[in-house]
Amino acid sequence: MAVVLAIIAVVAFFAVILLASSLRVLREYERGVIFRLGRLIAQKGPGLIFLIPVIDRMVRVDLRTVTLNIPPQEVITRDNVTARVNAVCYFRVIDPNRAIVEVEQFLVATSQISQTTLRSVLGTAELDTLLSERERLNVDLQKIIDDQTEPWGVKVTTVEIKDVEIPQGMQRAMARQAEAERERRAKIINAEGEFQAAQRLYDAAEIISRNPATIQLRYLQTLLELGSGSSSTIVFPLPIDLIGPLTEMMRRAGGDGGEPPPRPPRAQPGLGPTDEPKAPPVTPGLGPGDEAERPDSA
């Protein structure tokens, strides 16, 4: 009797172990691909799954989106610039049966195809395109990788270029180029400002030339602005056409009523500017009106 109970206990123990090994619990985001004697029979889950011991085998497949970090890749762009680029790829399994049957380790396969596609696509683009048109390159990468992984039941949703590393010499050259571009824009903006200011001054001169009194109003307005301070020096501009008639009138008034100024004495030959002219010699015995006898008159 004791032997029979022992046998029953052993059989019950193995039955419990066998029953436990035949039950599986799948979460909401998991699916089970069932193989019976090596043959695909069904896809089950989520919930409690019953398997025939020793005969059935189940492979779990995660349906959540996988974040795949693509390792940095050495890329030579179209304009022969060496760059180091890394990216990230987001994908998920939409057909668990094909993900298990069609490819071995779909995660590794997706990673490898992402690396090769990254090098091939970025190698056909120039460096400026790689730096400024990332959105377009991301779309191209996503489309190419998704087309190649679609037979595996894998859907690539997004591919993003994270970082682009370029040599130090190229970075310095790009910095100089950006600085020169900024200087060019500054000079153009300054020239545009000068042109607009000159245009406005021309328009203002056209308006003022229609009525000369407006310039006097501008003088007065300028004096009012200068005189608002506690201490200021005012320089009043006077047009030359106002001084000309005044000087002419003063010259005419001086020429009509006054005597002409005496002329300076004429200088005699042989005298300096400080020597006085010598008086003519006087002959003894002759008056002022008499003429001296010449030696040859006798």
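The values are calculated or read from the model by the stated rules, or taken from the named source; none is laboratory data. Just so it is clear, the model here is predicted, and its values are computed rather than measured. Quick reminder, even Gly has a Cβ in these numbers, built from the backbone with ideal geometry, and neighbours come from all protein chains shown.
Points to keep in mind about this one:
- Output for region 106-123, where each listed residue is touching a residue at least 40 places away in the same chain (Cβ under 8 Å) and over 21 Å from M174 (Cβ atoms): F106, L107, A109, T110, S111, S114, Q115, L118, R119
- Flag for F50 being touching a residue at least 24 places away in the same chain (Cβ under 8 Å) and aromatic (F, W, Y): yes
- The set of residues in region 36-55 being surrounded by 15 or more Cβ atoms within 10 Å (Cβ to Cβ) and out of contact with any helix residue (DSSP H, G or I) (no Cβ under 8 Å at 6 or more places or on another chain) consists of K44, G45, I49.
For (1) more than 16 Å from L68 (Cβ to Cβ); (2) within 22 Å of the chain's Cα centre (by Cα); (3) free of Cβ contacts under 8 Å to residues at least 12 places away in the same chain; (4) not assigned by TED's automatic domain parsing to the domain that holds L118, each residue gets a yes or a no:
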{"site": "D140", "(1), (2), (3), (4)": "yes, no, no, no"}
{"site": "T149", "(1), (2), (3), (4)": "no, no, no, no"}
{"site": "W152", "(1), (2), (3), (4)": "no, no, no, no"}
{"site": "K155", "(1), (2), (3), (4)": "no, no, no, no"}
{"site": "T158", "(1), (2), (3), (4)": "no, no, no, no"}
{"site": "Q171", "(1), (2), (3), (4)": "yes, yes, yes, yes"}
{"site": "M174", "(1), (2), (3), (4)": "yes, yes, yes, yes"}
{"site": "A178", "(1), (2), (3), (4)": "yes, yes, yes, yes"}
{"site": "E181", "(1), (2), (3), (4)": "yes, yes, yes, yes"}
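- Where a residue in region 79-105 is assigned by TED's automatic domain parsing to the domain that holds Q142 and among the polar types (S, T, N, Q) and its partner, wherever it lies, is exposed (fewer than 14 other Cβ atoms within 10 Å of the Cβ) and part of a loop (DSSP other than H, G, I, E, B), with Cβ under 9 Å and at least six apart: T82/P167
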